[in-house]
1. Take A:G113 and decide whether it is under 16 Å from the mean Cα position of the chain (by Cα) and in the same structural domain as A:R213 (by TED's automatic domain parsing).
2. May I ask you to verify whether A:S120 is surrounded by fewer than 16 Cβ atoms within 10 Å (Cβ to Cβ) and either within 21 Å of the chain's Cα centre (by Cα) or within 29 Å of A:L94 (Cα to Cα) (or both)?
3. Testing B:I102 on (1) more than 13 Å from every other protein chain (Cβ to nearest Cβ); (2) open to solvent by less than 10 Å² (accessible area, probe 1.4 Å); (3) within 27 Å of A:R162 (Cβ to Cβ), one condition comes back false. Which one is that?
4. Among the residues of the stretch A:172-188, what is the count of those that are more than 10 Å from every other protein chain (Cβ to nearest Cβ) and out of contact with any Phe, Trp or Tyr (no Cβ under 9 Å at 6 or more places or on another chain)?
5. How many residues are open to solvent by less than 80 Å² (accessible area, probe 1.4 Å) and more than 12 Å from the chain's Cα centre (by Cα) if we restrict to the stretch B:1-12?
6. Residue under question is A:N196, and the condition is that it be under 24 Å from A:Y117 (Cβ atoms) and either assigned to a loop (DSSP other than H, G, I, E, B) or not aromatic (F, W, Y) (or both); does it hold?
7. Filter the stretch B:89-99 down to the residues that are within 15 Å of the chain's Cα centre (by Cα), facing chain A (nearest Cβ under 7 Å) and either among the aliphatic types (A, V, I, L, M) or open to solvent by 40 Å² or more (accessible area, probe 1.4 Å) (or both) and list them by number.
8. Restricting to the stretch A:164-178, and then to whatever is part of a helix (DSSP H, G or I) and of a type outside the set (D, E, K, R), can you tell me which residue is farthest from the chain's Cα centre (by Cα)?
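The values are calculated or read from the model by the stated rules, or taken from the named source; none is laboratory data. These figures come from a predicted structure and were not determined experimentally. Cβ coordinates were reconstructed from backbone atoms using ideal geometry, including for glycine residues, and neighbour counts include every protein chain displayed. In case anyone asks, the SASA skips ligands and DNA or RNA and just uses the protein heavy atoms, side chains included. Shrake-Rupley method; radii C 1.70, N 1.55, O 1.52, S 1.80 Å.
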Amino acid sequence: MTPRDFDYLRTLLKSASGLVLTDDKQYLIESRLLPVAKKLKYETIDAMVAELRRSEATSLKNQIVEAMTINESFFFRDKTPFDNFENIMLPKLLEAKKAQKHLRIWSAAASTGQEAYSLSMIMQEYAAELEGWRIEIIGTDLCSEALEKAKAGLYSQFEVQRGMPVKYLVKNFKQVGSMWQVNSKIKSSVQYRQFNLLNSFNLLGRFDIIFCRNVLIYFDKETKSDIIERMGKQTNPNCYLVLGASETLVGLNDSFGTVPDARGLYQIKDQAGNKPASAITRPASGAPLAKTGTTGRNFTR
Amino acid sequence: MKQCLVVDDSSVIRKVARRIMEEVNFEVSEAENGQEALDKCRQNLPDIILLDWNMPVMDGLEFLMELRKDPCGEAPKVIFCTTENDMDHITQAISAGANEYIMKPFDKEIIISKLKEVSLLDA
């Protein structure tokens, strides 16, 4: 690719999605755009980019931006955030919000849906405790193709084995030919919307938990700060923020503080600006949650 | 060093599984059917058993049920590793006492994620 084409793509991606294509991410162009070029029957990526520069066609532009921003995802990715969700966030929020009985969770880079469905599956384990609660899980992503897959909830055998305990497969999926599909209960528990993190969050409402993993890494510092600041305004009191394993809020925005003893977990500061309390001291009646029912003997989570 | 017993009638699969398990520092022994595996377990219980389903002499499910009846037979973690990939087989395996289930084909990544599930590797 000529430096001029690369600069063109770089500018396009920054303005359309906020994604910063640093020189070390050049490899992404090849791996992400080759399938698009093939699908649209261009001989090469260069030919496709040249055509876009000439015509500026919206649909071609969108397909290129979406392909560049699609996020690899799998069930229970990195495990720790989901352990924190089960052992810290849920018990604490169930105690703090027992009067309202309403929880709103945002999966801010939902991609193909595995994160949102993983959260939903964990909550199924606590169905009895959550009886009478209104739980909303909103999954947003820039990429409409990823969201289509998320909505269908249909995954390959490889995808359902990577990171997901088999007990969740048995409880929450049905087999459809050689694929596995989340059951209707899990599927209907998540609402998906196409959404650009550069746009206003006002219409999304306020949240109690925000999962925003492995997406900030694509933005420059200024955009990261702006996103975090605006997320801070969409929070209910005690709202948790979960970042990816390699991400940090250090040097960005101070509306969230780290939760001590919980890696990668942040919580909105109270109005006085106080930092979050330790994750270990739980409210007396808050923990641990009792799971609903049992699965076969000798099961390891 | 933690010990792993690979039970499969295919020497190719045993070799692949052995290589993956050795990479994550397990000491590996092999058996080519359920009976041989049971004999080995009665001499020396491994920490983990990777278990095929369809094998001559004694199949994986029969082996598992026999193992779990033995004194201390509850101790080893058992991960089925089989081409049987339907819900019936999975639930049958779990009620017989399997800790995890891998549908073939598998790769290193899937094995490692399942080892973490049964707490034999750190997350």
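1. Considered against the rule, which asks whether it is under 16 Å from the mean Cα position of the chain (by Cα) and in the same structural domain as A:R213 (by TED's automatic domain parsing), A:G113 comes out as yes.
2. no
3. Tallying (1) more than 13 Å from every other protein chain (Cβ to nearest Cβ); (2) open to solvent by less than 10 Å² (accessible area, probe 1.4 Å); (3) within 27 Å of A:R162 (Cβ to Cβ), B:I102 fails exactly one: (1).
4. Total meeting the criteria: 5.
5. Residues flagged as open to solvent by less than 80 Å² (accessible area, probe 1.4 Å) and more than 12 Å from the chain's Cα centre (by Cα) within the stretch B:1-12 amount to 3.
6. yes
7. B:I90, B:I94
8. Out of the qualifying residues, it is A:V170.
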